[in-house]
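Novice: Structure incoming, see below.
The values are calculated or read from the model by the stated rules, or taken from the named source; none is laboratory data. This is a predicted model, so every value here is computed, not measured. Heads up, the Cβs are rebuilt from the backbone with ideal geometry, glycines too, and the neighbour counts pull from every protein chain shown. Accessible surface is based on the protein model in full, side chains and every heavy atom, while ligands, DNA and RNA are left aside. Shrake-Rupley method; radii C 1.70, N 1.55, O 1.52, S 1.80 Å.
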Amino acid sequence: MTRVITIDGPSGSGKGTIAGLVAARLGWHLLDSGALYRLVGLTANRAGVDADQAEALADLARNMKVEFQGDRVFLDGEEVSLVIRTESAGNAASKVAAVPEVRSALLQWQRDYAREPGLVADGRDMGTVVFPRATVKVFLTASAEERANRRYNQLKEKGLDANLPDLVAEIRERDERDSNRSVAPLIPAPDALEVESTALSVGEVLARILDKVYETCPDLRV
Ligand code: C5P
């Protein structure tokens, strides 16, 4: 079975950055599952479909033509890399992500990303629902303030508008929705390595995760 490393955690915990670094280090594939939910949110907004139209949303999710090229994301041939990274796209994503029909529409799609030599998948339910038999599971957290701060710097770097107090409020609202929904809520898998990263550098987080990966799979150590 193809090996999978799952990295779950709340919004702004640094999952995306860390997952990218782990995948690059191992030479494995990468799945940014949040991008899929962001794409469903965007498609739904554009089509005027609301979060209460479960079947219509699932149809949109099943029929999206998505292509990832490194950091770039294309939806039906149009580049949407920046559009899907805004906070409003994140919020739209978390609304459609609470719809069970949307989650089932994306389930097999996500599993199909598991290809040799291995996959690093980041999201909210990678270790609990999508890849329950993953080789290594990580749950990455940080305080809401620290996560808002990181998001602020990320958005600024991309030249996007950002306001820190709004970001803290939005992150709390999104945590609340992601943690309390009935399907695939944001919770650590019982067998996940929990890394609290508020006071850690990216390098320190990466080192902890790689230690765990090498301990579990000694053949990957170079
Ligand atoms: O990770 P990211 O912030 O891009 O995810 C956007 C939203 O998509 C999250 O707030 C969450 O509601 C949803 N999501 C999810 N399950 C995943 C990944 C993302 O519900 N595996």
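Novice: Ordering LYS65, LYS137, LYS212 by accessible area with a probe of 1.4 Å, largest first, what comes out?
Specialist: Solvent-accessible surface, decreasing: LYS65, LYS212, LYS137.
Novice: For the chain, modelled as a Gaussian network with Cα springs under 10 Å, which listed residue fluctuates most, GLU146, GLU170, GLU157?
Specialist: GLU157
Novice: Tell me the net charge near SER143. Cut-off is 12 Å between Cβ atoms, SER143 excluded, with +1 for each Lys or Arg and -1 for each Asp or Glu.
Specialist: Net local charge, SER143 excluded: -1.
Novice: Also, I was wondering about something else. Got the relative contact order for the stretch 4-213 handy, in percent, Cα pairs under 8 Å and 6 or more residues apart?
Specialist: That works out to 33 percent.
Novice: Would you kindly state how much longer the chain becomes between ARG72 and SER179 on full extension, computed as 0.36 nm times their sequence separation minus their alpha carbon distance, in nm to one decimal? Kindly include the intermediate steps, with their values, before the conclusion.
Specialist: On the way: separation 107, 0.36 × 107 = 38.52 nm, distance 2.84 nm.
Length gained, ARG72 through SER179: 35.7 nm.
Novice: With Cβ to Cβ distances under 14 Å as the rule, what net charge do the other residues near LYS65 carry (K, R +1; D, E -1)?
Specialist: Numbers: positive: ARG46, ARG62; negative: ASP59, GLU67, ASP76, GLU78, GLU79.
Spelling it out: positives minus negatives among the neighbours equals -3.
Novice: Then there's this: Using a Gaussian network for the chain with springs between C-alpha atoms less than 10 Å apart, which of these wobbles most: ALA207, ALA105, ALA51?
Specialist: ALA207
Novice: Do any of LYS65/LYS212; LYS15/LYS65; LYS65/LYS95 go past 30 Å between their Cα atoms, and which?
Specialist: Going by Cα-Cα distance, LYS65/LYS212 fall outside the 30 Å limit.
Novice: Moving on to the next point. For the chain, what is Rg from Cα atoms divided by 2.2 N^0.38 Å, rounded to two decimals?
Specialist: It is 0.97.
Novice: Continuing with this model, one more query. Just for the chain, what percent of DSSP beta bridges are antiparallel, to the closest 5?
Specialist: The answer is about 25 percent antiparallel.
Novice: How many angstrom lie between the Cα centre of the stretch 56-123 and the Cα centre of the stretch 152-174?
Specialist: Each part reduced to its Cα centre gives a spacing of 21 Å.
Novice: Please give the length that would be gained between TRP109 and ARG133 if that part of the chain were fully extended, namely 0.36 nm times their separation in residues minus their C-alpha to C-alpha distance (nm, one decimal).
Specialist: Full-extension gain reported as 7.0 nm.
Novice: Go ahead and set up a Gaussian network model of the chain, Cα springs under 10 Å, then flag whichever of SER104, SER13, SER201 fluctuates most.
Specialist: Looking only at SER104, SER13, SER201, the biggest GNM fluctuation is shown by SER201.
Novice: Another question, if that's okay. Quick one: 3J(HN,Hα) in Hz for the stretch 50-59, Karplus 6.51/-1.76/1.60 with θ = phi - 60°, rounded, Gly and Pro as x.
Specialist: 8, 5, 8, 9, 4, 5, 4, 5, 4, 4
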